[in-house]
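First up is the structure itself, then whatever we jot down about it.
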Amino acid sequence: MNEHLQSSAANVFVIGDAVAKRIPKLTPTASFEGRYVTGAINGDAAPINYPVVPHTVFAGPELAQVGVSLDEAQAHPDTYEVLTQDVGSWYTYHRIRDDNARVTTITERASGQLVGAIALATNAEELINYCTGIITQGLPASALQQWIPVYPSVASDLGYFYN
Ligand SMILES: Cc1cc2nc3c(=O)[nH]c(=O)nc-3n(C[C@H](O)[C@H](O)[C@H](O)COP(=O)(O)OP(=O)(O)OC[C@H]3O[C@@H](n4cnc5c(N)ncnc54)[C@H](O)[C@@H]3O)c2cc1C
């Protein structure tokens with residue numbers, strides 16, 4: 001299989017779990033590949049280019065992650081700033097008795113850009129989805145000043161994590 005998801009027979013494409021890939025084998029990545037192959041069949045010559053792929057362990061609490069990993073960030077402290085916060089006492093988490101919630105954010109020192117996040121919380125996938133949007137679109141922290149989310153909520157906490 002090549003970077004155009006073509007098998008050894010050029011007119012046979014591969015998508016989903018059958019793809020040999022380093023990113024997680026998940027339903028949304030399979031869908032992304034399906035859309036890519038549709039474009040390739042219709043003449044798009046670019047190789048597949050995956051955006052950041054979040055993933056979640058749906059346990060109780062959930063553990064979700066996106067972007068630069070903690071291992072990578074800790075291995076390059078000059079490049080990345082890692083901030084871990086116990087957020088169980090914050091209204092968003094305390095009101096649902098998620099007192100052990102914990103969030104780690106990873107920012108690139110040079111640009112201040114959010115590049116990774118890890119959440120251990122009842123609703124971890126919500127925060128990680130917001131972080132995925134920020135990372136995918138390369139949004140600066142200042143962009144969060146331009147909207148007014150419901151408070152207290154996962155969305156309203158973004159400004160505390162990324163400012
Ligand atoms: C237990 C479990 C939990 C998961 N949870 C999540 C999750 O929460 N979120 C998430 O994003 N991903 C999850 N995944 C991963 C996700 O299910 C897969 O990445 C996704 O389904 C891959 O899609 P696919 O089309 O490649 O394969 P599949 O969805 O497996 O589809 C392949 C289809 O081909 C059929 N098939 C097989 N052989 C033949 C044959 N010879 N002839 C005809 N048909 C055949 C199969 O019956 C099946 O219907 C989970 C996977 C597992 C196993």
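The values are calculated or read from the model by the stated rules, or taken from the named source; none is laboratory data. The structure displayed is predicted, hence computed values, not measured ones. Counting neighbours? That spans all protein chains shown, and the Cβs are built from the backbone with ideal geometry, glycine included.
The residue that is surrounded by the most Cβ atoms within 10 Å (Cβ to Cβ), among those in the stretch 59-81 that are among the hydrophobic types (A, V, I, L, M, F, W, C) and part of a strand (DSSP E or B), is Val66.
Every listed requirement among (1) acidic (Asp, Glu); (2) assigned to a helix (DSSP H, G or I); (3) away from the ligand (no atom under 14 Å from the Cβ) is met by Glu33 save one, (3). The single residue among Thr56, Thr27 that is β-branched (Val, Ile, Thr) and surrounded by fewer than 16 Cβ atoms within 10 Å (Cβ to Cβ) turns out to be Thr27.
For the structure I just gave you, tell me whether Val115 is within 30 Å of Glu33 (Cβ to Cβ), surrounded by fewer than 16 Cβ atoms within 10 Å (Cβ to Cβ) and not hydroxyl-bearing (Ser, Thr, Tyr).
no
Can you run down the residue pairs with Cβ atoms below 9 Å, 6 or more apart or on separate chains, where the first is in the stretch 1-13 and assigned by TED's automatic domain parsing to the domain that holds Val37 and the partner is among the acidic types (Asp, Glu)? Listed by first residue and then by second, the contacts come to Leu5/Glu33; Phe13/Glu33.
Kindly indicate the residue of the stretch 82-107 that is in a strand (DSSP E or B) and in contact with a Gly (Cβ under 9 Å, 6 or more places away or on another chain) and also surrounded by the fewest Cβ atoms within 10 Å (Cβ to Cβ) among those meeting that condition. Ranking the qualifying residues of the stretch 82-107, first place goes to Val82. Assigned by TED's automatic domain parsing to the domain that holds Ala75 and either part of a strand (DSSP E or B) or at pLDDT below 95 (or both): does that describe Ala110? For Ala110, the condition - assigned by TED's automatic domain parsing to the domain that holds Ala75 and either part of a strand (DSSP E or B) or at pLDDT below 95 (or both) - is not met. For Asn2, the criteria (1) of a type in the set (S, T, N, Q); (2) modelled with pLDDT under 95; (3) closer than 20 Å to Ile118 by Cβ hold in every case but one, which is (3).
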